[in-house]
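The values are calculated or read from the model by the stated rules, or taken from the named source; none is laboratory data. Note that this is a predicted model, so its numbers are computed, not measured. Backbone-built Cβ (ideal geometry, glycine too); neighbour counts: all protein chains shown.
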Amino acid sequence: MIDWDRCEGNGACVPAAPQLFDIDDKDMLIVLQETPPEEQRAALERAVAACPRRAITIEG
């Protein structure tokens, strides 16, 4: 889950999980997979850890 009030669109999550996140031309975060498969869990956890604003959380 993305806390859009906290997200600055700095893209720190993109290198950690490029299959899950991207940044558009306006420096806005794009979530590529709303419900990533379990095999993407490690990448998602890296993205959570990389976010300097702690805007990404894992539900469930």
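At-a-glance table
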{"quantity": "Pairs, first outside any loop (DSSP other than H, G, I, E, B) in segment 40-57, second surrounded by 11 or more Cβ atoms within 10 Å (Cβ to Cβ) and among the aromatic types (F, W, Y), C-beta under 9 Å, six or more apart", "calculated": "A47/F21; I56/F21"}
{"quantity": "All positions within segment 24-37 that are surrounded by 11 or more Cβ atoms within 10 Å (Cβ to Cβ) and under 14 Å from D3 (Cα atoms)", "calculated": "M28, L29, I30, V31"}
{"quantity": "Residue match in segment 18-30 (condition: assigned to a helix (DSSP H, G or I) and touching a helix residue (DSSP H, G or I) at 6+ places or on another chain (Cβ under 7 Å))", "calculated": "no"}
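Matching residues to (1) modelled with pLDDT under 95; (2) surrounded by 15 or more Cβ atoms within 10 Å (Cβ to Cβ):
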residue	(1), (2)
N10	yes, yes
P18	no, no
D22	no, yes
E39	no, no
A42	no, no
